[in-house]
Amino acid sequence: MLTLPAANIDVSGPVVDGRQHHIFVSARQSTAPYGAEVLVLDMQGHLVGTITAGGEGALVLSPDGRTVYASGEPVTAIDTATLKARGLDIGAGYSMSVGSLVITGGRLWFEADRTGDPSQWYIGSLDIQSRRADVTYTSVPYNPADLATSVGAPNTLVAGGYDAKDNTNFLDVYRTGRNGQLTKKAERSGWAQHLAVTRDGKYVVSTQVGVLRLSNLATVRTLNTSGYQPSMVSVAPDGTLVVVAEQQANYDQKAFLFRECGWTPVKVLDYGPVNYADNGVGALTALAWSQDSDQLYDLFVAKPVGDAYLALGVTTVRGYVRAAL
């Protein structure tokens, strides 16, 4: 079983590469010297390699499945067939933050700030289809920590974030240009973190505000999670939406599965209670789908011995069998 110490380690991913049968997990040291590695695992969770990365931790798989990108300065581009890595410069004077990393319109989009001045926020983008450095930055009045895209809404970027100075939350929908420019199409105020865009490109799903129409960010409905408080959302390649939610009274944790454009759960997966008195053992921290949409991989807090550890688990959705890898 893959285990990583939970203390002083920020873990993100997993990213599932169905072509090469690998799982990528990023492990970032949260205290000095702040190094980061991308761990490459086989489908049984065994470590097959490590790759030094830029230091921020977010991961995304390219649409053609040939490259995994890891955030940092520089961005690390990993060839999924050879596992060789190269650095992509994000330009002088900017720092990439630990938030989301997404791809749309042939560009890699990320959260950034001015080096030495974290109060100036930007949405950055990098042309991943060109061999020359093509990086652009658009200033925004908030920290755009949540970014989301969908194959059903090409050249569209959803950004959510928070401005601590004014205690204001933002949610924006942008049209993306080939050269990296952003044109705002819709906006909304209010807390809207943990974002996903449905595969058909019609809706934005947020754990805080439920289901919104992508075109104008109008509320469509709340998520039917039987009184459980949503904490994470993820969309499978076949359009299945999973919402992880927790009951506040006893910290019981479930995953509610919705078919595309259906807002009544078709299946509920029981992950059991979170033990907050014991370092949060049992808590899910990240999700990723297999390419066939039948396996749901998760990072969860485990405690094989001593202090808490993060471990990798997988649920076979069709038969509902979960195992720790």
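The values are calculated or read from the model by the stated rules, or taken from the named source; none is laboratory data. None of the values given here were measured: they were computed from a predicted structure. When we count neighbours, we look across all protein chains shown, and the Cβ atoms used for this are built from the backbone with ideal geometry, even at glycine.
Among the residues making up the range 106-152, a single one is farther than 27 Å from ASP200 by Cβ, among the β-branched types (Val, Ile, Thr) and assigned to a loop (DSSP other than H, G, I, E, B): THR115.
Exactly one residue out of ASN167, ASN224 is of a type in the set (S, T, N, Q), out of contact with any strand residue (DSSP E or B) (no Cβ under 8 Å at 6 or more places or on another chain), surrounded by fewer than 20 Cβ atoms within 10 Å (Cβ to Cβ) and farther than 27 Å from GLY106 by Cα, and it is ASN167. Criterion first (touching a Leu at 6+ places or on another chain (Cβ under 6 Å) and modelled with pLDDT of 90 or more) does GLY177 satisfy it? Against the criterion (touching a Leu at 6+ places or on another chain (Cβ under 6 Å) and modelled with pLDDT of 90 or more), GLY177 does not qualify. If the condition is being part of a loop (DSSP other than H, G, I, E, B) and of a type in the set (Gly, Ala, Ser), then the range 250-286 contributes GLY262, GLY280, GLY282, ALA283. Among the residues of the range 56-99, those that are among the small types (Gly, Ala, Ser), outside any loop (DSSP other than H, G, I, E, B) and under 16 Å from the mean Cα position of the chain (by Cα) comprise GLY57, ALA58, ALA70, SER71, GLY72, SER97, GLY99. Tell me the residue from LEU157, LEU147, LEU126 that is buried (at least 20 other Cβ atoms within 10 Å of the Cβ), more than 19 Å from ALA192 (Cα to Cα) and under 21 Å from the mean Cα position of the chain (by Cα), please. One residue alone meets the criteria, LEU126. Which members of the range 40-64 meet the condition of being of a type outside the set (S, T, N, Q) and over 24 Å from ASP146 (Cβ atoms)? Within the range 40-64, VAL40, LEU41, ASP42, MET43, GLY45, HIS46, LEU47, VAL48, GLY49, ILE51, ASP64 meet the criteria. Checked against (1) farther than 22 Å from LEU88 by Cβ; (2) crowded, with 21+ Cβ neighbours inside 10 Å, PRO141 meets all criteria but (2). For the range 76-100, filtered to residues that are buried (at least 23 other Cβ atoms within 10 Å of the Cβ) and modelled with pLDDT of 90 or more, the residue that is nearest to ALA145 (Cα to Cα) is THR76.
So is VAL243 touching a Pro at 6+ places or on another chain (Cβ under 6 Å) and either crowded, with 16+ Cβ neighbours inside 10 Å or without any contact (Cβ under 8 Å) to a residue 24 or more places away in the chain (or both) or not? Before the answer, list the steps.
Details: touching a Pro at 6+ places or on another chain (Cβ under 6 Å): yes; either crowded, with 16+ Cβ neighbours inside 10 Å or without any contact (Cβ under 8 Å) to a residue 24 or more places away in the chain (or both): yes.
So VAL243 fits the description; yes.
I'd like to check something: does the range 246-258 contain any residue that is touching a Phe, Trp or Tyr at 6+ places or on another chain (Cβ under 8 Å), charged (D, E, K, R), modelled with pLDDT of 90 or more and surrounded by fewer than 18 Cβ atoms within 10 Å (Cβ to Cβ)? Looking through the range 246-258, at least one residue is touching a Phe, Trp or Tyr at 6+ places or on another chain (Cβ under 8 Å), charged (D, E, K, R), modelled with pLDDT of 90 or more and surrounded by fewer than 18 Cβ atoms within 10 Å (Cβ to Cβ). Among all residues of the range 218-232, there is at least one that is free of Cβ contacts under 8 Å to residues at least 12 places away in the same chain, closer than 30 Å to ARG188 by Cα, β-branched (Val, Ile, Thr) and in contact with a Gly (Cβ under 8 Å, 6 or more places away or on another chain).
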